[in-house]
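Chemist: Questions regarding the structure given below will be posed in turn.
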Amino acid sequence: MNREKNIDPLVYMQQELCDMWGINNQAKYVFYYDESNNCRKFWVDDSKQQFNTDYTADFVLAGLVKKEEDTVDVSLETFRRLLKLQGNVEEIKFKKLYAKGDFLHCVKEKRLFETLSWIDKSPFYIHYTNVNNLFYTLVEIFDSIVGFDEISEFGYDYLKMKSVFYYMFKEKTDALQSLMFKYKYPNIQRENIKEFCNELLSLLGSRREMKENEKFLAGMLARAAESDELVFLHNNDDYVMQENYAEFYIDPIRKYQKSRHIFDEEIIVQDIVKKQIAKGENMADNFKFVKSETDIFVQLSDVIAGILGKLFKYINSTSVNQRRRDIEDLSKIQVDNILLIDKLRTEANQENPGFLCSIGPFDGVGILDRFFETIKSRKENRVN
């Protein structure tokens, strides 16, 4: 069969996006993956009338990546010696060896510094995709009440306005969860559109206190209340906002066809991935799922996914002022670990901007950058 006919058509769409964002997907890499904060499904628990998981804990699929020609000769024994582990430790696991509390507690670990330092000195880069679950589900409402062209006609930026919409509801999640339960979100019945939209509006309070872009979105929500369709919010399963996270495994397989992808075994997801990936030349053989105990690089990917999961949760659940106070109290090992994470992140982005993918509010990357910059400034000021 002709190769052109045998490749998933979405691959061509991926190529256009890569060209647009300056992502080099033609180089040959080897990616290793593990995940953290994997709730398997994001939904409104009908027994509790609230989300089934902490919405500030992003789903993270992350790990190590190297150029195909680079050789790394290392074994579990290497890390037993490096981390001073007992001989009966059979696998590097973030939760067992590094994860003692929240992000600020985890970065107190000297083992983390030793591991990150080894990665920094190796041919490996880090890579990650983090998915903000609350943002991802609120975007479904946004895209149901206003279109891209309409946003542009009024002089607004489409992606930034999605973030504005997210922040309008972020601090109202208790009431939002109750409302979503009431209307079996995201499966809104057409006869309930008016009530659903009006109750969302009531969460926002008076328009007189809103910024102009917020007033615009509130107006779009009021208009939607008089419509007979919310295009993305009908004929879905009651309460289920994210059935699974398979799409985030599929995305890099399609994006980096010339590379190899080695994932930690995840039974439900891997069955979906195998069914959805096109069986064209190269596509059928460029990924596999393995038991983590058989691959040291998948184990190290668990460490990367784990600490990044802690980091994103910390950023999502703290204010700027809280982070500033925390930074003032950081110990040397905490500063060293955090800045090493930033160094790995920066080097990955320089190698290939496609290695770092954040699905969340538009300014999310900027917030993270400012967090790291503030710590750098603090360190420099104390040295001087």
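The values are calculated or read from the model by the stated rules, or taken from the named source; none is laboratory data. These figures come from a predicted structure and were not determined experimentally. Heads up, the Cβs are rebuilt from the backbone with ideal geometry, glycines too, and the neighbour counts pull from every protein chain shown.
Chemist: Can you tell which of 139, 146, 60 is of a type in the set (A, V, I, L, M) and not assigned by TED's automatic domain parsing to the domain that holds residue 193? Give the steps one after another, and end with the answer.
Modeler: Working: 139 fails: not assigned by TED's automatic domain parsing to the domain that holds residue 193; 146 fails: not assigned by TED's automatic domain parsing to the domain that holds residue 193.
Matching residue, one of 139, 146, 60: 60.
Chemist: Kindly provide the set of residues from the range 68-90 that are loosely packed, with under 12 Cβ neighbours inside 10 Å and basic (Lys, Arg), ordered by number.
Modeler: 81, 84
Chemist: Separate question: Of all helices (runs of 4 or more DSSP H) completely enclosed by the range 131-208, which ones contain at least 2 residues that are over 25 Å from the mean Cα position of the chain (by Cα) and among the aliphatic types (A, V, I, L, M)?
Modeler: Numbers: elements: 133-145, 148-153, 158-170, 173-182, 193-204.
Hits in the range 131-208: 193-204.
Chemist: So, residue 356, is that one in contact with a Lys or Arg (Cβ under 9 Å, 6 or more places away or on another chain), assigned by TED's automatic domain parsing to the domain that holds residue 60 and over 25 Å from residue 250 (Cβ atoms) or not?
Modeler: So residue 356 fails the test.
Chemist: Another question, if that's okay. So which residues in the range 247-257 are modelled with pLDDT under 90 and either assigned to a loop (DSSP other than H, G, I, E, B) or among the small types (Gly, Ala, Ser) (or both)?
Modeler: Answer for the range 247-257, where residues must be modelled with pLDDT under 90 and either assigned to a loop (DSSP other than H, G, I, E, B) or among the small types (Gly, Ala, Ser) (or both): just 257.
Chemist: Any residue at all in the range 307-317 that is surrounded by fewer than 15 Cβ atoms within 10 Å (Cβ to Cβ) and either in a helix (DSSP H, G or I) or not polar (S, T, N, Q) (or both)? It would help to see each step written out before you state the result.
Modeler: Taking the range 307-317 as the starting set, the residues that turn out to be surrounded by fewer than 15 Cβ atoms within 10 Å (Cβ to Cβ) are 317.
This time we only want the ones that are either in a helix (DSSP H, G or I) or not polar (S, T, N, Q) (or both), so: 317.
Yes, that holds for at least one residue.
Chemist: Testing residue 262 on (1) at pLDDT below 90; (2) farther than 24 Å from residue 201 by Cα; (3) surrounded by 16 or more Cβ atoms within 10 Å (Cβ to Cβ), one condition comes back false. Which one is that?
Modeler: That leaves (1) as the condition not met.
Chemist: Since residue 352 meets every condition but one in (1) more than 17 Å from the chain's Cα centre (by Cα); (2) at pLDDT 95 or above; (3) closer than 22 Å to residue 64 by Cα, which condition does it not meet?
Modeler: Result: residue 352 passes all but (2).
Chemist: I'm trying to understand the selection: among the residues of the range 355-369, which are free of Cβ contacts under 8 Å to residues at least 40 places away in the same chain and not β-branched (Val, Ile, Thr)?
Modeler: 366, 369
Chemist: In the list 109, 90, which residue meets the criterion of being more than 25 Å from the chain's Cα centre (by Cα) and either touching a residue at least 40 places away in the same chain (Cβ under 8 Å) or assigned by TED's automatic domain parsing to the domain that holds residue 293 (or both)? Show your work before the answer.
Modeler: On the way: 109 fails: more than 25 Å from the chain's Cα centre (by Cα).
Just one listed residue meets the conditions, 90.
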